[in-house]
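Below is one structure, written out as structure tokens, with a few remarks after it.
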Amino acid sequence: ATAISVSLIFTEIYVTRSLSGRSILRGSLGLLLLASTVQSWNRTTLVFVGAAVLILFARNVGRMPFRIAYLLMASVMVAAVALSALPEDSALSRRLSGLEDLDLSSRTGSIGEREAEADAVGEKIAALGIAGKIFGAGHGASYDVKYTWEWKLNYSNAHYGWVLFYMRYGALGYLYLSLWIVTLLVSILRTWRSSNPASIFVCLLSIWNVGY
């Protein structure tokens, strides 16, 4: 739902061709809607919004300089207001604090738990021998992993895409994942300058997919 709604808001901003009062109102309303949900954003949403704003600027390079200035000021103002109003106990505040205190050797916290998943998957694949390392454990594979406060038993998911692909397809999974990412990047490169709303929407969804 977040990917669809945020992509639609940015699509509306992208297709704005002139700075009429109506277009400024629509763009400002879209930015305000984004800011109103900032408390629940995760790291993927932050990366997407950053990438979408950069593409927005890139699309307007060489066009009206004042439009770039307007977009830059609006983005900075919305970001400043949203971050200043962000409660310290909100989900986004905790995620940002986690990045500041990042320790990849730890196996606690949200990032540490993802590293623990990678360790557990590596142990499972190693136990399957050379065939498991090449072809993986299949779609129905599961593993046990210790999170900060609990054990996940028969867990069949992984937060890192390369860990999930390695568990299911082994070393071949890295090839599959690479082909998938290349396909998404080609889609982004082919559509990011388009003036067609459907193409822009596909471009933004492709960015989401790369992030996920």
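So if I place +1 on the C-beta of Lys and Arg and -1 on the C-beta of Asp and Glu, and nothing else carries charge, what would the dipole magnitude of segment 122-212 be about its Cα centre? I want it in debye, nearest 20.
Dipole magnitude for segment 122-212 comes out near 200 debye.
How big is the convex hull of the Cα atoms of segment 108-212, per residue, in Å³?
That works out to 103 Å³ per residue.
Tell me the accessible surface of residue 113 in square angstrom (1.4 angstrom probe, heavy atoms of protein chains only), to the nearest ten.
The accessible area comes out at roughly 40 Å².
The values are calculated or read from the model by the stated rules, or taken from the named source; none is laboratory data. Note that this is a predicted model, so its numbers are computed, not measured. Quick reminder, even Gly has a Cβ in these numbers, built from the backbone with ideal geometry, and neighbours come from all protein chains shown. These area figures cover heavy atoms from the full protein model, side chains too; ligands, DNA and RNA do not enter into them. Shrake-Rupley method; radii C 1.70, N 1.55, O 1.52, S 1.80 Å.
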